[in-house]
Amino acid sequence: MIEAFKLESYSFEKVSRRIKKYILIWCSEGKIEIEIDSSLFIVSSRSLITITSGQFHKFLNTSDAKGFILIFSYDFFCKDDKDIELIFQNGLFCHFDINEIIHIKNHSIVSEQLQLIEQELTEEPFQFLTSIHARIVLILVAINRSKIDNGDEIWKPDALFLKFLDKIRGRFLHNIPVKEYAQSLSTTEQKLNDLSKEHAGKTAQQIIHGLMISEAKRLFNYENLSVKEAAYSLGFSDPFYFSNFFKKHTGVSPLDYKNRQSI
């Protein structure tokens, strides 16, 4: 549900893994080298990076780093629509796997709140989970303010659109139509399409396909699935149809993609 620990006191295995939780990595001193979905990031002092639920990640070097790692589930933090909008505001935990290193100007707030969260988890005082939730809000606000100070534009997505993205990422099945997602969210296909175009410049179906391609690449890169295994995992009954689908969106066949990654 919620974890927090110091970087310097944790022994990291240098293997790729993913969890269905949200991860915030804070570097107060030194630097952290980490791979996220095949991309390398170097997080320096007074900076952080976030990892969205389901992304593969691997710590490569934390030997001279100090800081914290905060891990929490969607259900723990997202109590209402305001929480959902806050956690994804300005692309902080980006559903589209666009990770970024964020330098924090008011770094003392982030460090202090992470220390207090770790303390509350250890001591478990009265209503400690409520207190921790409030402290995460303070951290996210501080991060968003830093992003704006760093010149980023304000992006505040709609909670319904975010719930749609979360449902896609929770299943990654090709055979689920937009209509079924709309029904599960008590809305309409038209509303999902309108929100998708407003927030991502794409149709709802295009967003589903884009997120599925990202997942297919993970299955090839990290789980070493065959083309047939990846096709069935993503809900395709015909591997040949999956191959055409993958090539249409990437320009290369799944087999060619796998071979390029192994070079």
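No lab work stands behind these numbers, since they all come straight from the coordinates. Treat the numbers as computed from the prediction; the structure is a model and nothing was measured. Ideal geometry is used to build each Cβ from the backbone, glycine not excepted, and the neighbour counts take in all protein chains shown.
Note: relative contact order over the chain, using C-alpha pairs below 8 Å and six or more positions apart, is 16 percent.
Using r as the Cβ-Cβ distance of A134 and S184, and R0 as 35 Å, what FRET efficiency do you calculate, to the nearest 0.05? Walk me through the intermediate numbers first.
Details: r = 30 Å, r/R0 = 0.87.
After rounding to 0.05, the efficiency reads 0.70.
Once C-alpha pairs closer than 8 Å and six or more residues apart are averaged by separation and normalised to the residue number of region 2-149, the relative contact order reads 27 percent. Using the Karplus relation 6.51 cos²θ - 1.76 cosθ + 1.60 with θ = phi - 60°, the per-residue 3J(HN,Hα) values for region 146-153 come to 5, 4, 5, 4, 7, x, 6, 7 Hz, with x marking Gly and Pro.
In terms of its C-alpha gyration tensor, region 54-155 has a rounded overall shape, because the principal axis ratio a/c (a ≥ b ≥ c, square roots of the eigenvalues) stays below 1.5. The dipole here belongs to region 1-104: it is taken about the Cα centre, uses +1 on the Cβ of Lys and Arg and -1 on the Cβ of Asp and Glu, and is about 240 debye. Would you work out which of G235, V137, N90 lies farthest towards the positive end of the dipole of the chain, given +1 charges on the beta-carbon of Lys and Arg and -1 on that of Asp and Glu, about the Cα centre? Of G235, V137, N90, it is G235. Here the chain is treated as a sphere whose radius is the Kirkwood value from Cα pairs; by Stokes-Einstein at 25 °C and 0.890 mPa s it diffuses with a coefficient of 124 µm²/s.
Potential lengthening of the chain between K167 and S253 amounts to 28.3 nm, from the contour at 0.36 nm per residue minus the alpha-carbon distance. Given axes a ≥ b ≥ c from the Cα gyration tensor, I'd like to know whether region 159-261 is rounded (a/c under 1.5), prolate (a/b larger than b/c) or oblate. Prolate shape, in that a/c is at least 1.5 and a/b is the bigger ratio.
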